[in-house]
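Working notes for the structure below.
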Amino acid sequence: MSSRRNRHSPFKFNHIFLLVRHPLKVLRSAYGTRWDFKYTSSSGITSDVANDESLLGPEEFGKLAFEFKVLEWWLMYTLLGENIAECYIRNEDISGELFLNICLRAELTNCTTKDWASLQDYSKKYNSHHSGENDEVTWEKLESMDKTESENTVLHHARQLCLKFYSSEDC
């Protein structure tokens, strides 16, 4: 795997929290969006995510089947976040109380005056992108697909990183 380039933000953050979503839920959502792994900046410049961040390198990333591109994307950004975050939060654990505690920890103002429970309800509907087809995504289905060596590597690494955040039954 290729090495990741150093990234420096023009911003300084006192606290960084990693919000982790289960990789199979990310894949299920990706089926709905059919994202092409391109990023368009606010200035209108489009770049290929793999050229900047892929653990495999852009050439190998380009050869991956869609499912494994999604898992590679989840891997690279989860690892990047894990390296800089002071803690992680699983998407499934979000609650009004957790939002309040994050706000307080981040030393933001007016934390106790917000309606965090309504934000929690809103977040349950956000970014689901379910297409109706391929909604049932399992590790077994991914294992049974005809895969390249790189795709096997991505699948193995995704399952290993998943175990850091979820139970062995979920990974």
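The values are calculated or read from the model by the stated rules, or taken from the named source; none is laboratory data. Since the model is a prediction, treat every value here as computed from it, not as a measurement. Don't worry about glycine lacking a Cβ; one is built from the backbone with ideal geometry, like all the others, and counts go over all protein chains shown. Just so you know, the surface numbers come from the protein's heavy atoms only, side chains and all, with ligands and any DNA or RNA stripped out. Shrake-Rupley method; radii C 1.70, N 1.55, O 1.52, S 1.80 Å.
Computed quantities for the displayed model
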item	result
Residue pairs meeting the criteria (Cβ under 6 Å; at least 6 apart or on separate chains; first surrounded by 20 or more Cβ atoms within 10 Å (Cβ to Cβ), in the range 62-80; second among the small types (G, A, S) and not in a helix (DSSP H, G or I))	none
Identity of the residue in the range 135-171, over 21 Å from L18 (Cβ atoms) and hydrophobic (A, V, I, L, M, F, W, C), that ends up most open to solvent (accessible area, probe 1.4 Å)	M145
Qualifying residue in the range 124-134 (condition: at pLDDT 90 or above, open to solvent by 40 Å² or more (accessible area, probe 1.4 Å), part of a loop (DSSP other than H, G, I, E, B) and under 23 Å from F61 (Cα atoms))	no
